[in-house]
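Here the structure is laid out as structure tokens; the discussion comes afterwards.
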Amino acid sequence: MTTAIYPGSFDPLTFGHVDIIERSTRLFDKVIVAILTNPQKAALFTVKERTELMHDILEPRFPNVEIDVFEGLLVDYAKQKKAQVIVRGIRAISDYEYEFQMALMNRRLAPEIETVFMTPAEHYSYLSSRLVKEIAELGGSVSGLVPELVEKRLKQRFKK
Ligand code: PNS
């Protein structure tokens, strides 16, 4: 049984993330989508809000997905969960340098854990949580970029 961790901030979850999750569920027996608790990073949605949203969106659709929260080193969390794989999405070459650095550092810390890079569908290759937040804050439409529930929450959050 292969367990994969898909870690991230997911602030908020986009269709790019959902695409990577869907691909992962076809490759691995269990996929743990792990939200990082990072007190240093200001977030739009609290970890609790993100967890609830992701439960509602992902669990009915993917039976082998589990949503969890983690803090501290990712490799320690992966070991604790007995995961063999870390999944990361790569959209463009610009993502690669940081991801490559992180994958090699994680390998140094835990050589038994393998990082697997996956690419989302090309129409999501320019999509990021940061841009989604900016567009929503400035009143633009994020329809087709994020699940409907996320779109609704963004509208509530930025209601004037
Ligand atoms: O969605 P993000 O913000 O790009 O995710 C980054 C994440 C959560 C994968 C990364 O920040 C992380 O793994 N943080 C946990 C702390 C850690 O293990 N740091 C060492 C990385 S080599």
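Per-residue answers, yes or no, for (1) free of Cβ contacts under 8 Å to residues at least 24 places away in the same chain; (2) within 16 Å of the ligand (Cβ to nearest atom); (3) not aliphatic (A, V, I, L, M):
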{"position": "95", "(1), (2), (3)": "yes, yes, yes"}
{"position": "141", "(1), (2), (3)": "yes, no, yes"}
{"position": "146", "(1), (2), (3)": "no, yes, no"}
{"position": "159", "(1), (2), (3)": "yes, no, yes"}
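Which ones in the range 9-24 are aliphatic (A, V, I, L, M) and either more than 16 Å from residue 52 (Cα to Cα) or within 11 Å of the ligand (Cβ to nearest atom) (or both)? Once the filter is applied, which keeps residues that are aliphatic (A, V, I, L, M) and either more than 16 Å from residue 52 (Cα to Cα) or within 11 Å of the ligand (Cβ to nearest atom) (or both), the range 9-24 yields 13, 20, 21.
Kindly indicate which of 51, 3 is more than 14 Å from the ligand (Cβ to nearest atom), in contact with a Lys or Arg (Cβ under 6 Å, 6 or more places away or on another chain) and not aliphatic (A, V, I, L, M). Within the list 51, 3, the selection yields 3. Within the bounds of the range 25-40, is there any residue that is touching a strand residue (DSSP E or B) at 6+ places or on another chain (Cβ under 7 Å), within 15 Å of the ligand (Cβ to nearest atom) and assigned to a helix (DSSP H, G or I)? No, the range 25-40 contains no residue that is touching a strand residue (DSSP E or B) at 6+ places or on another chain (Cβ under 7 Å), within 15 Å of the ligand (Cβ to nearest atom) and assigned to a helix (DSSP H, G or I). If you go through the range 133-146, how many residues are in a loop (DSSP other than H, G, I, E, B), under 20 Å from residue 53 (Cα atoms) and out of contact with any Ser or Thr (no Cβ under 8 Å at 6 or more places or on another chain)? The qualifying residues number 3.
Of all the residues in the range 62-83, those that are more than 16 Å from the ligand (Cβ to nearest atom) and either more than 16 Å from the chain's Cα centre (by Cα) or on the phi > 0 side of the Ramachandran plot (or both) number 2.
Per-residue answers, yes or no, for (1) surrounded by 15 or more Cβ atoms within 10 Å (Cβ to Cβ); (2) of a type in the set (Phe, Trp, Tyr); (3) within 23 Å of residue 44 (Cα to Cα):
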site: 91; (1), (2), (3): yes, no, yes
site: 101; (1), (2), (3): no, no, no
site: 106; (1), (2), (3): yes, no, no
site: 118; (1), (2), (3): yes, no, no
site: 141; (1), (2), (3): no, no, yes
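Of all residue pairs spaced 6 or more apart or on separate chains, those with beta-carbon atoms under 6 Å, a first member in the range 103-118 that is under 21 Å from residue 21 (Cα atoms) and a second member that is within 11 Å of the ligand (Cβ to nearest atom) and of a type in the set (Gly, Ala, Ser) are 113/78; 115/103; 118/89.
Read the figures in this text as sums done on the coordinates, not as results from a lab. Just so we're clear, the structure is a prediction, and the values are computed from it rather than from any experiment. Glycine gets a Cβ as well: all are built from the backbone with ideal geometry, and neighbour counts include every protein chain shown.
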